[in-house]
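Take a look at the structure below.
The values are calculated or read from the model by the stated rules, or taken from the named source; none is laboratory data. Model, not experiment: these values are computed from the prediction. As a convention, Cβ positions derive from the backbone with ideal geometry for all residues, glycine included, and neighbour counts pool all protein chains shown. Surface accessibility is based on the protein's heavy atoms, side chains included, excluding ligands, DNA and RNA. Shrake-Rupley method; radii C 1.70, N 1.55, O 1.52, S 1.80 Å.
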Amino acid sequence: MRLSTLHVTNFRNYTTLELPLQAGLTVLHGHNAQGKTNVLEAIYLLSSASSYRATSDREVIRWTAPAAERLTRVTAQVESCQPALTTHDLRLTTPFELEVVVADMPGLATKRTLVNGAGKRVGDFVGRLTAVLFGPEQLDLVTGSPGQRRSYLDGALSQTDRAYFHALSVYTRVVHQRNQLLKQFREREVNPDELLYWDAQLVESGSLILSRRARCLQELSRVAEDHHAQLAPGGGPLRMEYDTKLFRDSDGWQHLASAASDQVQQEFRRCLALEAEREMAQGTSVVGPHRDDLLLSLDGQPVDKFGSRGQQRTVALALKLAELDHVRSHTGDNPVLLLDDVLSELDEARRAALCEVIRGHEQVLLTATERPATAAAAAYRVESGALTLTT
């Protein structure tokens with residue numbers, strides 16, 4: 001899978017940009033805060049319908065845009081290796097066009113997603129273009145918050161599993177509504193039966209998320225272990241575990257991956273009942289996939305606490321390479337690879353390993369302050385939101 005053109009309007013520091021893209025490596029180089037990362041963010045927006053850098057969709061709109069033009073448009077022509085992609089009622093032939101529109105204007109929806117000009121629900125849009133991002137935030141996967149590691153699993157699954165993306169959207173909304181109700185228990189008399197509806201929704205959507213995460217992690221862990229062994233021979237075996245409150249008295253998270261749906265839901269309900277008083281007292285939901293974590297260890301020791309900086313970066317790189325393999329194996333396409341100033345963050349051995357991946361990949365966009373020696377199909381100098389082709 002690759003992009004042939006990218007067009008943005010009023011996105012971050014770009015008034016407008018039309019960028020032709022080729023197969024192979026495209027380098028965007030220049031000083032910091034000139035707009036290199038913004039190009040990668042726009043492409044990621046087309047793959048996930050959300051920004052990995054913004055807490056609100058409106059943040060991507062060019063802040064100096066006049067009130068009458070408070071609208072961002074990101075469009076791309078996409079070509080797939082597959083002869084055709086069939087999803088619901090739409091048959092896509094290659095190339096096809098993806099578009100995301102984000103608005104902050106009266107009378108317009110906050111966000112619209114379109115395929116070949118036809119409006120689509122976000123759940124039917126995500127995954128049309130697949131992309132894997134390597135950036136400073138991803139290299140901090142090991143030492144970052146549990147939310148970052150949950151996002152890693154969510155990113156791998158959302159692009160390849162439409163049911164998972166839908167369940168995650170429902171679950172996020174249910175947790176918000178349920179937390180609002182739990183807060184009310186501390187402020188006034190509320191009938192506990194009011195929670196029953198939200199509990200049922202929480203269990204249904206949350207159980208699917210838990211099962212799919214556990215199954216995905218079984219696959220990712222095997223691939224990540226292989227990548228880690230290649231990146232750091234003799235560095236000790238990498239182990240990945242899913243940390244959840246469910247099934248702690250049976251076979252752990254591995255049992256979660258193989259359990260039937262009704263078993264997972266029954267266990268979820270049991271955990272909710274055990275934590276009911278604590279939830280009432282704290283006014284928040286304490287059971288479910290939004291509180292889980294991904295545990296990473298080398299030689300049985302937690303990497304975040306006992307690993308060196310180099311070991312932590314190697315583990316993070318192995319995880320991202322496993323994500324790349326996961327998306328490729330489940331879609332039949334090579335995802336677009338987005339590398340945001342990561343070469344400067346890696347030592348020589350790990351940089352060489354990543355460059356080997358770049359050489360064998362269908363389409364890669366890489367940002368750097370200085371143009372790297374790696375051979376590129378095209379290179380652009382980025383300055384104040386303007387791209388200039390360099391030789």
| Dipole-positive endmost among T284, Y52, P192 within the chain (Cβ charges, Cα centre) | Y52
| field | Linear extension gain, S344 paired with S261, 0.36 nm per residue minus alpha-carbon span | value | 25.4 nm
| Dipole size in debye (nearest 20) for segment 200-271 around its Cα centre, Lys and Arg Cβ +1, Asp and Glu Cβ -1? | 140 debye
| query | Once all Cα-Cα distances of segment 194-273 are split into 10 Å bins that start at 0, what whole-number percent is in each one? | reply | 17, 41, 23, 13, 5, 0
| task | Please say if segment 207-324 is rounded, prolate or oblate, where rounded means a/c under 1.5 for a ≥ b ≥ c the square roots of the C-alpha gyration tensor eigenvalues, and otherwise the choice is prolate for a/b larger than b/c and oblate otherwise? | result | prolate
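Could you work out [θ]222 nm for the chain from helices alone, using -39500 (n - 2.57) per DSSP H run of at least four and dividing by all its residues? Round to the nearest 500 deg cm²/dmol. Show your work: numbers first, answer last.
Working: 12 runs with 163 residues, N = 391.
Rounded to the nearest 500, it is -13500 deg cm²/dmol.
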| T5 - accessible surface, heavy atoms, 1.4 Å probe, Å² rounded to 10 | 50 Å²
| Other-chain or far-sequence residues with amide H under 5 Å of G24's (modelled H) | Q363, V364
| For T284, what is the net charge nearby, where nearby means another residue's Cβ is under 12 Å from its Cβ and Lys, Arg count +1, Asp, Glu -1? | +3
| If the viscosity is 1.002 mPa s and the temperature 20 °C, what Stokes-Einstein diffusion coefficient in µm²/s follows for segment 344-391 when Rh is the Kirkwood radius over Cα pairs? | 176 µm²/s
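At most 16 other Cβ atoms within 10 Å and a DSSP loop assignment: could you name the chymotrypsin sites (Phe, Trp or Tyr not before Pro) in segment 238-328 that fit?
Numbers: sites: Y242, F247, W253, F268, F306; in loops: F247.
Within segment 238-328, no chymotrypsin sites (Phe, Trp or Tyr not before Pro) qualify (loop, at most 16 other Cβ atoms within 10 Å).
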| In terms of modelled amide H atoms, which long-range or inter-chain residues lie less than 5 Å from the amide H of A131? | V336
| task | Using the Karplus curve 6.51 cos²θ - 1.76 cosθ + 1.60 with θ = phi - 60°, work out ³J(HN,Hα) for each residue of segment 17-26 in order, rounded to whole Hz, and write x for Gly and Pro. | result | 8, 10, 10, x, 10, 10, 5, x, 9, 10
| said: I'd like the per residue volume of the convex hull spanned by the Cα atoms of the chain, given in cubic angstrom. | reply: 162 Å³
| query | Whats the longest run of the chain with zero GluC sites (Glu not before Pro) that are DSSP loop and have at most 12 other Cβ atoms within 10 Å? | reply | 1-188
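Which entries in K183/K320; K183/K305; K183/K245 show an alpha-carbon gap greater than 30 Å? Write down the numbers at each step before the final one.
Details: K183/K320 38 Å; K183/K305 35 Å; K183/K245 22 Å.
Long pairs (Cα-Cα over 30 Å): K183/K320; K183/K305.
Charges at C-beta only: +1 for Lys and Arg, -1 for Asp and Glu. How large is the resulting dipole of the chain about its Cα centre, in Debye rounded to 20?
Numbers: 43 positive and 49 negative charges, 120 e Å.
Taking the Cα centre of the chain as origin, the dipole is about 580 debye.
Taking a temperature of 20 °C and a viscosity of 1.002 mPa s, what whole-number D in µm²/s does Stokes-Einstein yield for segment 10-58 with Rh from Kirkwood over alpha carbon pairs?
Numbers: Rh = 12.2 Å.
My calculation gives 176 µm²/s for D.
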| task | Just subtract the alpha-carbon distance of V122 and D104 from 0.36 nm times their residue separation and send over the number in nm, one decimal. | result | 4.7 nm
| remark: For segment 269-391, the accessible surface attributable to carbon and sulfur atoms (probe 1.4 angstrom, ligands and nucleic acids excluded) amounts in percent to 50 percent
| What is the distance, in nm, between label points placed 7 Å from the Cα along the Cα-to-Cβ direction at L71 and at E59? | 2.4 nm
| said: At a threshold of 8 angstrom on Cα-Cα distance, excluding pairs fewer than six apart, so keeping six or more, what relative contact order does segment 214-341 reach in percent? | reply: 33 percent
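Shape verdict for segment 1-154, please, from the Cα gyration tensor: rounded (a/c under 1.5), prolate (a/b greater than b/c) or oblate.
Values: a/c = 1.29, a/b = 1.07, b/c = 1.20.
Cα axes put segment 1-154 in the rounded bin.
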| task | Decide, for segment 299-391, between rounded, prolate and oblate: order the square roots of the alpha carbon gyration tensor eigenvalues as a ≥ b ≥ c, take rounded if a/c falls under 1.5, and otherwise choose prolate if a/b is larger than b/c, else oblate. | result | oblate
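Filter the trypsin sites (Lys or Arg not before Pro) in segment 182-285 down to the DSSP loop ones having no more than 14 other Cβ atoms within 10 Å, then list what survives.
Values: sites: K183, R186, R188, R212, R213, R215, R222, R239, K245, R248, R269, R270, R278; in loops: R188, K245, R248.
Answer by residue number: R188, R248.
Filter the DSSP H helices in the chain by two things, a Kyte-Doolittle mean of at least -1.0 and an axial alpha-carbon span of 30 angstrom or more, and list the hits by number. Display every interim value, and only then the final one.
On the way: long enough: 162-187 (39 Å, -0.64); 195-231 (50 Å, -0.14); 309-331 (33 Å, -0.50).
TM-like helix candidates: 162-187, 195-231, 309-331.
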